[in-house]
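**Student:** Can you read through this structure? Questions will come right after.
The values are calculated or read from the model by the stated rules, or taken from the named source; none is laboratory data. Since the model is a prediction, treat every value here as computed from it, not as a measurement. Neighbour counts run over all protein chains shown; Cβ positions are idealised from the backbone, glycine included. Protein only, heavy atoms only, side chains kept; ligands, DNA and RNA dropped before computing areas. Shrake-Rupley method; radii C 1.70, N 1.55, O 1.52, S 1.80 Å.
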Amino acid sequence: MLPVIIIVLIILGVEFIIGIIANGLMIVVNCREWIRSRKVTCCDMILTSLGISRFFLQCVMLINNIFFALSPGKKGLCDIWRTFYAIWVYLNILSLWFATWLSVFYCVKIANFSQCLFLWLKQRISGLLPKLLMGSLLVSLVTCPPAVNNIHKKYIGNSTNMLSGNTTEECIRNSDLIVLSMLGYSFPFFIFIVPAILLITSLWRHKKRMEKNTSSSRDTIAKAHIGVIKGLISFIFFHISYCALLIVFLSEIFVNSSLYFRCFCVVVMSAYPSGHSVILIMGNPKLKRVAVRALSYAKCRLRDEVS
């Protein structure tokens, strides 16, 4: 068991470092651009909001994992763990909403459809976006209490006196509220899936039309579209995997499962906020350029220190 726990902790540590660096890069680059130009684009606004929420989410996930390792059932730790769990749920739902609005924004700006609602959104998305981001803060706050109420104390012992030394405190989760708990995750998930699929469909149709033209410029654009489609598919895979494991995490399946399965769930869930941020950086020319320069600088410094 101990070697498995050590390996899992190493993997979680690597995911944490990657997530902190990737999300920190998005925050620093976009905020610096915001201060320099005195304006911010809608895309940068979403990426900054997503980076901030995931930066703190990574920190809270690390603390939660530590409390899992320390066993939250120990006396005195239940209230502390419940507090961090509440923060984790809020940041979790908030980051899912921000990722959803990013998917909506990309779909509205890039995809080509002639429906009236789509054309209306294309004209007004820039004005609606700040309101949607602010609304996400409130919606996330409203939808997280059911998930937090899953956790409650249970006193076990022969004595009826709660302060007695013969009574132990256990922190358990009530799976009866899982349906209410999943409402906060299901709404952004379904809203995310629709524009993501529409965008992939639009790009695929455009790629097929471009293939009829054999010019090199058209071929380059078609390759770029293929890269975007691959990024979107990986994004959807991350999102679906994360939401599916959230259902497992909030249910009795996680509590009653083996250590190996629980470690698998924690590792995959921790990979989402860091892995998706890396994908976003690689798909954004400005962020990718800064990331490449930072990696080159780090390699030079490492080479100098070794020599």
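**Student:** If I model a spin label as a point 7 Å beyond the Cα along the Cα-Cβ vector, how far apart are those points for Cys116 and Ile233 in nm?
**Tutor:** Going from the Cys116 label point to the Ile233 one covers 3.6 nm.
**Student:** Now for a different question. More than 16 Å apart: what percent of Cα pairs in region 1-61 qualify? Walk me through the intermediate numbers first.
**Tutor:** Working: 950 of 1830 pairs.
Distances greater than 16 Å cover 52 percent of the Cα pairs.
**Student:** Something else: Give me the distance in nm between label points sitting 7 Å out from Cα along the Cα-to-Cβ direction at Val40 and Val292, one decimal.
**Tutor:** 2.6 nm
**Student:** Would you mind getting me the FRET efficiency between Thr83 and Lys299? Use the beta-carbon distance for r and R0 = 35 Å, nearest 0.05. Don't skip to the answer; put the middle values down first.
**Tutor:** Values: r = 41 Å, r/R0 = 1.17.
The calculated FRET efficiency here is 0.30.
**Student:** Would you mind checking the pairs Lys39/Lys122; Lys39/Lys299; Lys131/Lys208; Lys131/Lys288; Lys208/Lys299; Lys109/Lys299 and listing those with alpha carbons more than 30 angstrom apart?
**Tutor:** Beyond 30 Å: Lys39/Lys299; Lys131/Lys208; Lys208/Lys299; Lys109/Lys299.
**Student:** Once the Cβ-Cβ distance between Ile253 and Ile21 is put in as r, and R0 is 41 Å, what FRET efficiency do you end up with, to the nearest 0.05?
**Tutor:** Here the calculated transfer efficiency is 0.80.
**Student:** Per residue, how much accessible area does region 1-141 have with a 1.4 Å probe, in Å²?
**Tutor:** Result: 51 Å² of accessible area for each residue.
**Student:** Let me ask you something else. Given a 1.4 Å probe and heavy atoms of the protein chains only, how would you sort Thr143, Thr100, largest accessible area at the top?
**Tutor:** Thr143, Thr100
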